[in-house]
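Q: Dropping a structure here in structure tokens format, bear with me for questions.
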Amino acid sequence: MEFTRRDLLKFTGGSAAGLMLTPAPWGLLRDSALVSETWPGVPRPAGGEISIRYTTCTLCPAGCGVRARCVNNQPVSLAGVPGQPTGAGALCPIGLLGHHFRFCGNRAHARLANGRVASLESALAGVSAAIRSCGPRESVAILDPQPGRVASLIYRRFLAGLPNGIHCTPSGSQPFGPFGIDLENTRAVVSFGVPVLDGWLSPGRVLANRGHFQLIQVEAAYSRTASLADLWAPVLPGNERDFADAVIRAMHGGAADPSAAKTAAILLRNGPAIAIGGPAADKLNAELGSFGRSGGFLPRRDYMAVTDIAQVPDGAVRVLFIEERTNSQDIAWDDLRRKLGPDAVVVALTPWLDGIARHADYVIPAPMYLESLDEAPTPDGSTVASFSLSPALLAAPANLISPADFFLRVQHSNSTYSDVIKGRVAAIKKDGGGVIHTYADGKSAAVRDVADIWKNMLAGAIWMDTAGARPMGTRRTAESQAARPAPTPTTEFPLLLLAADSPPARGTPLMSKLYRESGLRQSTGAAAINPKTGRDQGLQDGCRATIKTPDATVTVQVVFDPAVMPGAVQMAGQACSAASIRRI
Amino acid sequence: MLSIDTQLMPRTAQRATTRRFLLWLLPWSALLIFGLYGAGLCLVEGLNQTNMDNRFAFGLWIFLDLTVIALGAGAFFTGFLLYILKKSELKAVINSAVVIGFVCYSGAVAALLVDVGQPLRFWFTFWHPNVHSMLTEVTFCITCYLTVLFIEYVPIILKNRKLRQIPSFLVFEFELHKLMPVLAGVGTFLSFFHQGSLGGLYGVLRGRPFAFREGLAIWPSTFFLFILSAAAAGPAFILLTTWVVSKISGKQLVRPEVPRLLGRISGILLLPYVLLKSIDTLVWINSTSPARGFAAQQFYAWKPFGAWLLFAEIAVFGLFPALILLRRSLRQRTGWLVFASILVCLEIALNRFVLTIQTLALPTLPFDQFLSYFPSWQETATFLGVVAYGVVTYSLSFRYLTLFPQEKDLS
Amino acid sequence: MATKTKTARYGMSIDLDRCTGCGACMVACAVENNVPPLPAQATPRTGITWMRVYEISNGQAFPDSRAAFVPILCQQCGKETPCVAVCPQEAVQVDPATGIVDQMPQRCLGCRYCMTACPYHARYFNWWDPRWPPGMETTLNPDVAPRMRGVVEKCNFCHARLHSARERAAAEGRRDLKPGEYVPACAEACPAKAIVFGDLNDPASEVSQLARDATSFRILERLGTEPKIYYRTARPWVREAAAQPRKEPGNA
Amino acid sequence: MIGHFIFLGLFYAVLAVIGVTILLSLHRSFSDVRARRAEAIAWQSTFPDLPARERVCRHQFTGEFPDRICDRAFDCRECQTHAALIAKRASESTPAAEKAVVFGLDFPLDRFYHRGHAWAHPEPDGTVTVGLDALGERLVADPETIELPAVGTHIQTNGAAWRVRKRGANVRILSPLDGEVIETGAPENGWYLKVKPDGGQLDARPLLRGAEIRPWITREIERLQASLAPDGQIPGQLPTMADGGVPMDDIAAGYPGVDWDAVCSEIFLQA
């Protein structure tokens, strides 16, 4: 039979109808649904045994207690430990993301000697050679980001063995010297540019007490703290001392400009009060008698005086060791370089390649937070000595050596960092004072035997001193120098560049995402300016412009903000200087 | 090859040479391919290819859908007038209207499929429908009505010169055509509903006081305004297309009274629409919006969406063309007819634009920013692709099918 | 069983005078709910922040400027919930037992109609395939499934936490949860303790007492959607700026 | 819940209506085809698509109307007007010429002419011979192919009787009657089909005859001229040889440039 058009139609129609009766089309639907529901490329979170482990945050000196929720011993979320003394149960955003630091930045993996991969031995040899080649006038310095640790003791011992070792620390890393702040009883805080509500001390402690102290922020920039303070006294950098004098005068009934007068009034009404941040603060504290009294600065036991790097004579350093922590702020390289001699050797002990390591001759990769046993000594501003451990919760990559262990190796000592820490614990036991506060149950117990303390501390515990410290003089020992005075506007640089809140030292993936989306932190590419000033400069809200300072030029996006001081530009992470701005 | 081309055309129709026709198709097909590429990117890479975002969750495409579907309303409304109200003069344009309707609706559906984040799940709406959602109503109606339009399109295709050689095709066409009133009725029902629910789409957004409207039963006032405006725009758009096609093809396609009738219908519907729209706006300004704590004038405080938009929408593109179309003397003049219907189509586009884009641009949180949005090239490409698809489909239909039955006796 | 358990109305009271805008809540939320980091090409408006802190100002110029921070999350509207009504395929539903507005990513079509419906802009669309830096998948919360591209998501008061809290309770043979047994990540993480979470149906709960406080208000209350997130402030200008829609011209 | 029912109910009702419509029309079409109504219906739906000039009423030829368009698809059987006019015509006697000669073309008047130029000639034996009239013959003279129906095929009025291919023109010669083909001829023997008419005898009512032929053909030739004339030119010459004699046997040969498909479609009433 021959095949007519009609047959074709019949056939197609029939088969179409027939197909509906087969499972094929319905199966196809189901599968499409399945595909869309288990979308390709969406990771399935690994299930597994869930455990709670405790540690102490070492991302900053505040040393907050950390409760880590782990799956197969891999932390998946961090939280504060309720009732933990130093952290007061809270963590800052950075601390909450502590377990994400390994997923950002440029990690240092291999040891480098002058840019070439080297074995630990050769690195050690090179470093030792450099040390030996030290001349009489030349010194070996270790830049210790957080003095007061057992590691710092190890540095000390190492330097002690050298003719001219200097144990130094970045400027301002010991803001209160041997003193702590009795914030719990303070009723007023005069802050000269200190970000009290933005990362000062431990957030838990500050915010827990925020309700009962008046905050006066003396700062030219409209910072987060300034915007939330009870009184914002915009004072140009360099004029802090005059402001302090004005306040003192006003407190004695003298005449003063409004903000000083208001400040004085607050201080008179709310005592005890303290002042923080620079010499102006010292002046005020002297007036307020804040030292050695409740609600003021109280001395504590364990203070390790360390040279401020600024005090080190220029060109004196032959070998400079720099320890960089997981989250330490970048150190201004220019300030460091001044200290270096002609053929100095720089050794960076750091987890990062993109930090100070860029300037180093030797890079010794160090473990980061949660990757190795670490320690949390007494936090800045704490009135009692304390000590806790930060046991490793993450498996560390190979080739890492903690800075402390590195120096032990340099000294050919056969004890390890953890041995020395054990020694510290033994000392605590010997001292006998204080209590051990365990994170898991929030209970405090008297100090028992060393093994017990050690076990507890590895499981999450902190030793809190109870013995009151013997009173020291009413002067703080550590010298703090005044902020650079604000330059006077010139025709070339008519504006004043002010530092806005600095962004987190290292943006972990989520941190940078969330801050970027919510605009909570002024992005580094933006410059805030008073609308009036902006218009005078021929700018528009949102336009792009170049900012020129005597030593740099940057392109920014202009943001009009009436809160910014007229005649000033605010940028994140910039030093105060004169500037000019031109629209592109 | 050439002879095949001519033998596919209606015998009595004089059409451009194959060469010229291909030249005409060339740019449109290029645009179509470009559009397909853009849409493909959005489907493969995801909607991050667009410039929409969490605040501008809808963009160019929704505007396209609403506008195109409103203009396509000519299909259902002409069908309604012809088959239900027996306005037989409209036989002259019904085929063209059906093709336009089909093009618009299929284009809109295509755009929607690209617009959703999980196109594979389009059928979920039929599986777990939430009958309280206007979008469900829209989805159901559009799919049904697209089917209807397709069925209405079939007979026109079957009458193609080659296909009609097969008697059984003609028979089917004939039988189908006898039942056309039924389909026209269904189509009218469907279109009424989804034109309405497209309006409801925004009218029900109580979270968006700029768009929210009170109404009857479950339907906000925009529901009914959309029906009316679409019914007014449809005939105007048919008038416009007919005029454009006859200009391009250089043929007289319909008797002069047909566009006049279309214009008159459009005018008759537009006037009440403008009046109702004005009343609705007044009610909204004085009651609906304040009741939700929003002072209506603040919606117009954001540049560039000032109160001038409202004026333009109601007076310039609404009242003005309505008055033109209602004057017999002006209707006699093609120039005025065309001008007025252009205004009417713009009116619809503007109305849909305000409802979709302005609504989203306006912040509702007191401390939130006013945000602007500009479509990405992928979005624009898809948009133009839909337009090109329309032009190509219509051109092919015009060349090979009988869209204007009167043409043969007018040439 | 379910009928016997007393129905809760979970809600929050957020103290705007305590919030310092540190962002800990956003961070904790993202960690808890496996929100992926932002692809490089993304804009601030195509990312996902279930919890988002807005900075508001008193509008005064230097030196009288003052700031406050308003955390915005899904307000869990209790009446005529805008997003529920509009979803074409019932991917959004209010759980009668908890009053929580649930979003089902598995059923979401990605039409984003709910986003246009939400007056609080608290719904987020997955514009991107969820991607984590290599190895970071190991830090995902096993209780929460990451969402695929092309679907809408939003705050669900850490549903996974509610689930495990219930399991714990069930294990102890209790049908109802103790106060404080179930707390979303943001409330737990806030260093200022500004976020109080609890059952608004329980008159004794801290949150319902705070909600009744004179300084307490809800954002866009007059829309009549009965949000379950309450805000508190003693500062009149904050209330002025946060409670009512702005009256003054916008960008004019 | 109730909303659910109302909404889905409506939706499924709509679907049902659409489905039923389709199925119904399909079913009807099949039964039409089975009942041999296909050709008739095809003609029904083709007729309106013909240009008005091809649809003029036969009574316009005889001057009974100035201008009238047929609305019955050339089926005069139920046409009141036709009935009335025929009745009137019956009274007056018709001159019994045996053929009409138009432009030298012979149109024997002993037969009936279909508007598509097929003629039907009733034979004494009750069969009907079907052929192509002089004009038709000359338009498709020596064709490429002739496709005659097989003996036994049933042909229907206005349906295709047979098909002729000529210079790209694929012509369906429309049948003047319903009936069964009992014998097939060829151009050279002057007829194409012998048909046994349905109902025993030829129903000639719809067909042209007698006095109608001359005016009809005259008009047909005018139309032929019009379609032969290249676009834009006024139809000038008759379709004849230069000497103005009788139309050539193969008109197509005289007009190599002309689209013959268009010409034949016009004259043979192809849709």
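Q: Please verify whether A:D354 is touching a residue at least 40 places away in the same chain (Cβ under 8 Å) and either in the same structural domain as A:L120 (by TED's automatic domain parsing) or closer than 20 Å to A:A461 by Cβ (or both), treating the condition exactly as stated.
A: Considered against the rule, which asks whether it is touching a residue at least 40 places away in the same chain (Cβ under 8 Å) and either in the same structural domain as A:L120 (by TED's automatic domain parsing) or closer than 20 Å to A:A461 by Cβ (or both), A:D354 comes out as yes.
Q: I would also like to ask the following. Within segment B:161-178, can one find any residue that is buried (at least 20 other Cβ atoms within 10 Å of the Cβ), out of contact with any Cys (no Cβ under 7 Å at 6 or more places or on another chain) and in contact (Cβ under 8 Å) with a residue 60 or more places away in the chain?
A: yes
Q: Please enumerate the residues belonging to segment C:86-106 that are out of contact with any strand residue (DSSP E or B) (no Cβ under 9 Å at 6 or more places or on another chain) and within 7 Å of another protein chain (Cβ to nearest Cβ).
A: Within segment C:86-106, C:P88, C:Q89, C:E90, C:Q106 meet the criteria.
Q: Now, a different point. Picking from A:L197, A:L201, which residue would you name as being within 10 Å of chain C (Cβ to nearest Cβ) and touching a residue at least 12 places away in the same chain (Cβ under 8 Å)?
A: Being within 10 Å of chain C (Cβ to nearest Cβ) and touching a residue at least 12 places away in the same chain (Cβ under 8 Å) holds for just one of A:L197, A:L201, which is A:L197.
Q: Being farther than 30 Å from B:Q165 by Cα, more than 14 Å from chain C (Cβ to nearest Cβ) and not aliphatic (A, V, I, L, M) is the requirement here; does B:F383 meet it?
A: Yes; evaluated as a whole, the condition is true for this residue.
Q: Here's another thing I want to ask about it. I'd like to verify a number: residues in segment A:551-584 that are away from chain C (no Cβ under 14 Å) and either within 29 Å of the chain's Cα centre (by Cα) or modelled with pLDDT of 90 or more (or both), how many? Working first, answer last.
A: If we filter segment A:551-584 for residues that are away from chain C (no Cβ under 14 Å), which is where we start, we get A:551-556, A:558, A:571-584.
Cutting the leftovers down to either within 29 Å of the chain's Cα centre (by Cα) or modelled with pLDDT of 90 or more (or both) gives us A:551-556, A:558, A:571-583.
Total satisfying the criteria: 20.
Q: For residues in segment C:39-71 being in contact (Cβ under 8 Å) with a residue 60 or more places away in the chain and of a type in the set (A, V, I, L, M, F, W, C), which is nearest to the other protein chains (Cβ to nearest Cβ)?
A: Once the filter is applied, the top-ranked residue is C:I56.
Q: Answer yes or no: is there a residue in segment A:69-84 that is among the hydroxyl-bearing types (S, T, Y), touching a residue at least 60 places away in the same chain (Cβ under 8 Å), within 24 Å of A:P509 (Cβ to Cβ) and not in a helix (DSSP H, G or I).
A: Within segment A:69-84, the first condition is being among the hydroxyl-bearing types (S, T, Y), and the residues that meet it are A:77.
Filter once more, so that each one left must be touching a residue at least 60 places away in the same chain (Cβ under 8 Å): none.
No, the conditions are met nowhere in segment A:69-84.
Q: Which condition breaks for C:W128 when tested against (1) surrounded by fewer than 24 Cβ atoms within 10 Å (Cβ to Cβ); (2) more than 24 Å from B:L41 (Cα to Cα); (3) hydrophobic (A, V, I, L, M, F, W, C); (4) within 7 Å of chain B (Cβ to nearest Cβ)?
A: Here C:W128 meets the rest and fails (2).
Q: One residue is enough: does segment A:513-521 have a residue meeting the conditions among the hydroxyl-bearing types (S, T, Y) and touching a residue at least 24 places away in the same chain (Cβ under 8 Å)?
A: First pass over segment A:513-521, keeping only residues among the hydroxyl-bearing types (S, T, Y): A:515, A:518.
Next, from what is left, pick out any that are touching a residue at least 24 places away in the same chain (Cβ under 8 Å): none.
No, there is no match, as no residue in segment A:513-521 is among the hydroxyl-bearing types (S, T, Y) and touching a residue at least 24 places away in the same chain (Cβ under 8 Å).
Q: Counting just the residues of segment B:157-171 that are more than 29 Å from the chain's Cα centre (by Cα) and assigned to a helix (DSSP H, G or I), which one comes out farthest from the other protein chains (Cβ to nearest Cβ)? Walk me through how you get there before you give the answer.
A: We begin by selecting, within segment B:157-171, every residue more than 29 Å from the chain's Cα centre (by Cα); these are B:161-171.
Next, from what is left, pick out any that are assigned to a helix (DSSP H, G or I): B:163-165, B:167-171.
Values: B:L163: 11, B:R164: 6, B:Q165: 8, B:P167: 4, B:S168: 5, B:F169: 9, B:L170: 4, B:V171: 4 Å.
Per the stated criteria, the residue is B:L163.
Q: If you scan segment D:4-25, which residues turn out to be over 15 Å from B:F126 (Cα atoms) and either facing chain B (nearest Cβ under 7 Å) or surrounded by 15 or more Cβ atoms within 10 Å (Cβ to Cβ) (or both)?
A: D:V17, D:I18, D:T21, D:I22, D:L24, D:S25
Q: Under the condition of being free of Cβ contacts under 8 Å to residues at least 24 places away in the same chain and either in contact with a Gly (Cβ under 7 Å, 6 or more places away or on another chain) or not hydrophobic (A, V, I, L, M, F, W, C) (or both), which residue from segment B:118-131 is farthest from the other protein chains (Cβ to nearest Cβ)? Break it down into steps so the answer makes sense when it comes.
A: Just the residues of segment B:118-131 that are free of Cβ contacts under 8 Å to residues at least 24 places away in the same chain, to begin with: B:118, B:120-131.
Cutting the leftovers down to either in contact with a Gly (Cβ under 7 Å, 6 or more places away or on another chain) or not hydrophobic (A, V, I, L, M, F, W, C) (or both) gives us B:118, B:121, B:125, B:128-131.
Numbers: B:Q118: 5, B:R121: 5, B:T125: 5, B:H128: 5, B:P129: 7, B:N130: 4, B:V131: 4 Å.
Among those residues, the one meeting the criterion is B:P129.
Q: List every residue pair whose Cβ atoms lie under 6 Å apart, where the two residues are 6 or more positions apart in sequence or sit on different chains, the first residue falls within segment A:525-549 and is within 11 Å of A:S580 (Cα to Cα), and the second residue, located anywhere, is modelled with pLDDT under 90 and not in a loop (DSSP other than H, G, I, E, B).
A: Note: pairs meeting the criteria are A:T549/A:S577.
Q: Determine whether segment A:35-43 contains at least one residue that is modelled with pLDDT under 90, surrounded by 14 or more Cβ atoms within 10 Å (Cβ to Cβ), of a type in the set (S, T, N, Q) and not in a loop (DSSP other than H, G, I, E, B).
A: Scanning segment A:35-43 turns up at least one residue that is modelled with pLDDT under 90, surrounded by 14 or more Cβ atoms within 10 Å (Cβ to Cβ), of a type in the set (S, T, N, Q) and not in a loop (DSSP other than H, G, I, E, B).
Q: Quick check on my filter: what residues within segment C:131-169 are free of Cβ contacts under 8 Å to residues at least 24 places away in the same chain and within 14 Å of chain B (Cβ to nearest Cβ)?
A: C:R149
Q: Still on this structure, please answer the following. Can you go through B:V114, B:V99, B:V138 and tell me which one is farther than 24 Å from A:P40 by Cα, touching a residue at least 40 places away in the same chain (Cβ under 8 Å), crowded, with 22+ Cβ neighbours inside 10 Å and within 14 Å of chain C (Cβ to nearest Cβ)?
A: Checking each option against the conditions leaves just B:V138.
Q: Also, I was wondering about something else. Take segment D:142-175 and flag every residue that is surrounded by fewer than 16 Cβ atoms within 10 Å (Cβ to Cβ), in contact with a Pro (Cβ under 9 Å, 6 or more places away or on another chain) and not in a strand (DSSP E or B).
A: Residue satisfying the conditions is D:D142 alone.
Q: Just checking, does segment B:33-45 include any residue being outside any helix (DSSP H, G or I) and within 10 Å of chain C (Cβ to nearest Cβ)? Reasoning before the result, please.
A: Of all residues in segment B:33-45, those outside any helix (DSSP H, G or I) come to none.
No: zero hits.
Q: Sticking with this structure for a sec: Condition first: part of a helix (DSSP H, G or I) and either within 21 Å of the chain's Cα centre (by Cα) or surrounded by 15 or more Cβ atoms within 10 Å (Cβ to Cβ) (or both). Now tell me which residues in segment D:52-82 satisfy that.
A: The answer is D:A52, D:R53, D:E54, D:R58, D:H59, D:Q60, D:F61, D:C76, D:R77, D:E78, D:T81, D:H82.
Q: I've got another one for you. Here are D:A40, D:A35, D:A52: which of them is more than 18 Å from D:H114 (Cα to Cα) and among the hydrophobic types (A, V, I, L, M, F, W, C)?
A: Selected residue: D:A35, the only one of D:A40, D:A35, D:A52 that is more than 18 Å from D:H114 (Cα to Cα) and among the hydrophobic types (A, V, I, L, M, F, W, C).
Q: State yes or no: is A:S388 surrounded by fewer than 21 Cβ atoms within 10 Å (Cβ to Cβ) and either part of a loop (DSSP other than H, G, I, E, B) or at pLDDT 90 or above (or both)?
A: Considered against the rule, which asks whether it is surrounded by fewer than 21 Cβ atoms within 10 Å (Cβ to Cβ) and either part of a loop (DSSP other than H, G, I, E, B) or at pLDDT 90 or above (or both), A:S388 comes out as no.
Q: Something else: Does A:S15 satisfy the criteria of being in contact with a strand residue (DSSP E or B) (Cβ under 7 Å, 6 or more places away or on another chain) and either at pLDDT 85 or above or in a loop (DSSP other than H, G, I, E, B) (or both)?
A: Taking the combined requirement at face value, the residue does not satisfy it.
Q: Under 6 Å between Cβ atoms, at least 6 apart or on separate chains: pull out the pairs that start in segment B:287-305 with a residue that is at the interface with another protein chain (Cβ under 7 Å from one of its Cβ atoms) and at negative phi and end on any residue that is surrounded by 15 or more Cβ atoms within 10 Å (Cβ to Cβ) and of a type in the set (A, V, I, L, M).
A: Correct list of pairs: B:R292/C:L223.
Q: Any residue that is part of a helix (DSSP H, G or I) and either more than 17 Å from C:G99 (Cβ to Cβ) or more than 14 Å from chain B (Cβ to nearest Cβ) (or both) - is there at least one of those in segment C:190-205?
A: No, there is no match, as no residue in segment C:190-205 is part of a helix (DSSP H, G or I) and either more than 17 Å from C:G99 (Cβ to Cβ) or more than 14 Å from chain B (Cβ to nearest Cβ) (or both).
Q: Can I ask one more? Within the set of pairs 6+ apart or on separate chains, which have a first residue in segment A:22-45 that is more than 10 Å from chain C (Cβ to nearest Cβ), a second that is assigned to a loop (DSSP other than H, G, I, E, B) and at pLDDT 80 or above, and C-beta atoms under 7 Å apart?
A: Between residues of segment A:22-45 that are more than 10 Å from chain C (Cβ to nearest Cβ) and residues that are assigned to a loop (DSSP other than H, G, I, E, B) and at pLDDT 80 or above, the close pairs are A:L29/B:W123.
The values are calculated or read from the model by the stated rules, or taken from the named source; none is laboratory data. Just so it is clear, the model here is predicted, and its values are computed rather than measured. All Cβ positions, glycine included, derive from the backbone under ideal geometry; neighbour counts span all protein chains shown.
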